[in-house]
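Input: a single structure, listed below in structure tokens.
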There are 2 protein chains.
Amino acid sequence: MKTVAIIGYAHEKYGLLSDNTEDLIRKMVKGAIENVDKGINPREIDWIITSCVDNQFSEQHQTGTVAWEALGNPMAKAFRVEAACCSGSLAVYLARNLIRSGLARNVLVVGFEKMSAVSTLVATGILMRGSSPEERRVGITQPASYSIMIQQYMKKYGATEEDFAMVSVKNHENAMRNPWAHFRKKITVEDVLNSRLIAPPIRLLHCCPISDGAAAVILSGEPKKYTDAPVYIAGMGMAHDAFSSFRREDPAFLLASKLAADEAYKEAGITPADIRIAEVHDAFTPVEPMCYEALGIAKRGEGYKLIREGVVMFDGAIPVNVSGGLKAKGHPVGATGVGMLIEIYLQLRGEADQRQVPNVEVGVVENHGGTGSVSIVTVLRR
Amino acid sequence: MKTVAIIGYAHEKYGLLSDNTEDLIRKMVKGAIENVDKGINPREIDWIITSCVDNQFSEQHQTGTVAWEALGNPMAKAFRVEAACCSGSLAVYLARNLIRSGLARNVLVVGFEKMSAVSTLVATGILMRGSSPEERRVGITQPASYSIMIQQYMKKYGATEEDFAMVSVKNHENAMRNPWAHFRKKITVEDVLNSRLIAPPIRLLHCCPISDGAAAVILSGEPKKYTDAPVYIAGMGMAHDAFSSFRREDPAFLLASKLAADEAYKEAGITPADIRIAEVHDAFTPVEPMCYEALGIAKRGEGYKLIREGVVMFDGAIPVNVSGGLKAKGHPVGATGVGMLIEIYLQLRGEADQRQVPNVEVGVVENHGGTGSVSIVTVLRR
């Protein structure tokens, strides 16, 4: 099976941006093409996959063609994919397969979301589309669905609201070192515990913001032609679980992420002990400890202890979300998975500036959607 | 390269349906699974690809997971794709590649669109997302963009409004034989010419309706295991052209469809002379003659003569849109490409009932989007 690597990227700051969807796509296409160490000709890009989560944000049915026009290779082919919050990872998954199957030499993946294109009220309605039809029918929003999972987790394992607050504090602190982060503001445990209650125990300062943003990567089957420092996609896995969190065998466990991780590790030939750094899907920070467990870097029921023990802090043994995570870096949905991969890519190349973690050989991205009903895990290595 | 075939299908009537998106998906999943000659176990389906064109119609960010739950194979993986009006063909294109690359044994493709989920006014706004950002900025709707193409075509080649009216008459007549068609009503040339002007020369009776609908196919890499009469996907091609029709080198020619056809024919080892039947993208019937030219069944500038000479009529040498086409069968966008393939599948299996064309060995589907800025052509054979 052909080895596929990331050979270039572009990344827009997350936050409230004046650019529209089209502007964002164009910037990412041009930016990624210009950001390949030894250069790449647009004619060497055979496919483009775009990732965004809602047409009401993008106002387009053909973001693929918009990207195709920006690329300038008439023979390239382009389309859009969607799988809720892990759309970005899905695009990379499929891009890799296009290369492996011989349909493409190089594939450009462009993830974006222009969430401020609509009012907050409309955005709230749109985001309900990420919940299961059943949950919506009975009035369970996505924070409420996560709340069911987290309540179960607290009851079973004794995690506290302070533990969860610490995740937010950690991710905000990390974001201080990330110029692309939506929020660059320190917060304290007290700030979190005193913030507005959303869906108990979830409070405002546990929630990711509504962000605009975009990120792109170029994948190649002949990486050494384009760079001396490619970052290999050593393994990827994808899995599903019941859409409604209350239907799952164990709402306190991210089974889809665990299955996806197993698949990715097997392909990459690694074990959780090999992981030096991870980006995980902290759309609501109390779920972050569950991600550690799904990835196998903590035992089941003990994820929150990694926070208490400092293991996942910036200077810990396995720093998690050094980018600031979805909580503080932001969560422009279709861009998120791509942006997470770029963070690990930079760490592996030693180019993460102020947030560089030393001695990174293997990094992992856990990107789930629909409160864990779909998940993609990626193993990256030098 | 592995040969991939269609081994089963499901097809919902097009029109105004009481089912919601979730209902439609479930029906298609169950229907397709039950409709395989020798039977198939859901555990043999490795991937599901859903196709729909707008989240505001589907009210979902995870139609993949909805289909996955309906399937009942916990190890399957699912996602959604979109490329405007050719989303359905794109899903099949990618499904075929998942099989060829060894990622799947069998793939279920589910196309649908619940266009009546919103008011006609809202639907009109949504459908503007199929136009290029530039066209929208200057106030060119999709019918207007097609009108530019058609006006150029008339001027260059002498096609008349009567020719275009005949396409609508033909497709309505064909739909009389199709129980799945949205419109089953004969119309005359006079009816068309007297109908309301939309964007000259396009009149109301040239326009496809806003339909609900759904269609599904199962693709297999080991077809003989599941049926003695598989329909092979002998070739597929995909290509793009400028998003705004007025930017194209020749707005009177569907270049993307021609490039896609060239690619598909090359792979299938056929020439246009081998084609016995075709389904083409008559979203606005005056564009249908251009589709003949792109497919090479008419010379450039002579497509409309096939109407005058009766070649493309039900009893002609190459009947086109015997299903009734988008015009009369309907155009539930995400389902359309899948439904077109099913029509040819049935024709090749000799199961098209009243609308069966004799001696069909090779059939072609031309499914374009964004007035021809993206196109996929598929060659099917026994």
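Every number here is computed from the coordinates shown, using simple stated rules; none is lab data. All of these numbers come straight from a predicted model, not from anything done at the bench. All Cβ positions, glycine included, derive from the backbone under ideal geometry; neighbour counts span all protein chains shown.
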Sum up the charges of everything whose Cβ sits under 13 Å from the Cβ of A:V287, counting Lys and Arg as +1 and Asp and Glu as -1, but leave A:V287 out.
-4
If you put a point 7 Å past Cα along the Cβ direction, how far is that point for A:K38 from the same point in each other copy, in nm, smallest first?
4.9
Rounded to whole Hz and in sequence order, give me ³J(HN,Hα) for the stretch A:101-106 from the Karplus expression 6.51 cos²θ - 1.76 cosθ + 1.60, θ = phi - 60°, writing x for Gly and Pro.
7, x, 6, 9, 8, 9
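Near B:V53, within a Cβ-to-Cβ distance under 15 Å, what is the net charge of the other residues, with Lys and Arg +1 and Asp and Glu -1? Working shown, then result.
Values: positive: A:R80, A:R129, B:R80, B:K114, B:R129; negative: A:D54, A:E59, A:E82, B:D54, B:E59, B:E82, B:E113, B:D212.
For residues surrounding B:V53, the net value is -3.
Quick one: of the DSSP bridges fully inside the protein assembly as shown, what percent are antiparallel, nearest 5?
Details: 79 of 111 bridges.
So the antiparallel bridges in the protein assembly as shown amount to around 70 percent.
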FRET efficiency for B:N20 and A:T120, using Cβ-Cβ distance with R0 set to 30 Å, rounded to 0.05
0.70
Provide an ascending nm list, one decimal, of label-point separations from B:D353 to the equivalent residue in each further copy; define each label point as 7 Å from Cα along Cα→Cβ.
6.5
How large are Rg and Dmax for the stretch A:125-270 when only the alpha carbon atoms are used, in Å?
18.9, 54
Length-normalised contact order of chain B in % [C-alpha pairs under 8 Å, at least 6 apart]
25
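Taking the beta-carbon count within 10 Å as an exposure proxy, list B:R248, A:R300, B:R137 from fewest neighbours to most. Working shown, then result.
Working: B:R248 21, A:R300 15, B:R137 11.
Placing the least packed residue first, the sequence is B:R137, A:R300, B:R248.
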Mind checking the mean number of beta-carbon atoms from other chains within 10 Å of the Cβ atoms in A:335-346?
0
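Classify the stretch A:304-368 from the C-alpha gyration tensor, please: rounded if a/c falls under 1.5, else prolate or oblate depending on whether a/b exceeds b/c. Walk me through the intermediate numbers first.
Numbers: a/c = 1.85, a/b = 1.17, b/c = 1.59.
Oblate, because a/c is 1.5 or more while a/b does not exceed b/c.
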Counting only other chains, what is the mean number of Cβ atoms within 10 angstrom of the Cβ of each residue in peptide A:84-91?
3
Roughly speaking, what is the centre-to-centre gap between the stretch B:190-233 and the stretch A:317-340 when only Cα atoms are used, to the nearest Å?
42
For the rotation that superimposes chain A on chain B, which residue of A has the C-beta lying nearest to the axis, and at what distance in Å?
A:S101, 2
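Roughly what % of DSSP beta bridges within chain A run antiparallel, to the nearest 5? It would help to have the intermediate numbers written out before the result.
Numbers: 38 of 54 bridges.
The answer is about 70 percent antiparallel.
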Cβ-Cβ cut-off under 12 Å around A:L341, Lys and Arg +1, Asp and Glu -1: the net charge is -2
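Where a ≥ b ≥ c are the square roots of the eigenvalues of the C-alpha gyration tensor, would you call the stretch A:236-382 rounded, which needs a/c under 1.5, or, failing that, prolate if a/b is larger than b/c, or oblate? Don't skip to the end; give the middle numbers.
Working: a/c = 1.44, a/b = 1.43, b/c = 1.00.
It comes out rounded by the Cα gyration axes.
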Okay, which of the stretch B:62-81 sit inside 14 Å, backbone N to the point 7 Å along the Cα-Cβ direction of B:R43?
B:72-76
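Restricting to DSSP loop positions (anything but H, G, I, E, B) with no more than 10 other Cβ atoms inside 10 Å of their own Cβ, which chymotrypsin sites (Phe, Trp or Tyr not before Pro) remain in the stretch A:1-86? All intermediate terms of the calculation are to be shown ahead of the outcome.
Numbers: sites: A:Y9, A:Y14, A:W47, A:F57, A:W68, A:F79; in loops: A:Y14.
The qualifying sites: there are none.
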Does the stretch A:59-118 classify as rounded, prolate or oblate by the C-alpha gyration tensor (a ≥ b ≥ c root eigenvalues; a/c under 1.5 gives rounded; else a/b over b/c gives prolate, otherwise oblate)?
oblate
Got a sec? How would B:L326, A:L306, A:L103, A:L259 order by Cβ neighbour count within 10 Å, fewest to most?
A:L103, A:L259, A:L306, B:L326
How long is the stretch A:111-163 along each principal axis, judged by its Cα atoms, biggest number first, in Å?
41, 26, 21
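Using only the Cα atoms of the stretch A:59-163, construct the convex hull and provide its projected area averaged over every direction, in square nanometres to one decimal.
Values: hull surface 42.4 nm².
Directional mean of the projected Cα hull area for the stretch A:59-163 stands at 10.6 nm².
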Tell me, rounded to the nearest percent, the portion of alpha carbon pairs in the protein assembly as shown spaced more than 47 Å apart.
17
Structure-based [θ]222 nm, chain A - -39500 (n - 2.57) summed over DSSP H runs of at least 4, per residue, nearest 500
-11000 deg cm²/dmol
Once R0 is set to 56 Å, what does the formula 1/(1 + (r/R0)^6) return for the Cβ-Cβ distance between A:L204 and B:R184, expressed as a FRET efficiency to the nearest 0.05?
0.50
List the distances, in nm and shortest first, from the label point of A:R137 to the matching label points in every other copy, placing each point 7 Å from Cα along the Cα-to-Cβ direction.
4.5
Need one number: nm distance between label points at A:M75 and B:V138, each 7 Å from Cα along Cα→Cβ, rounded to one decimal.
3.1
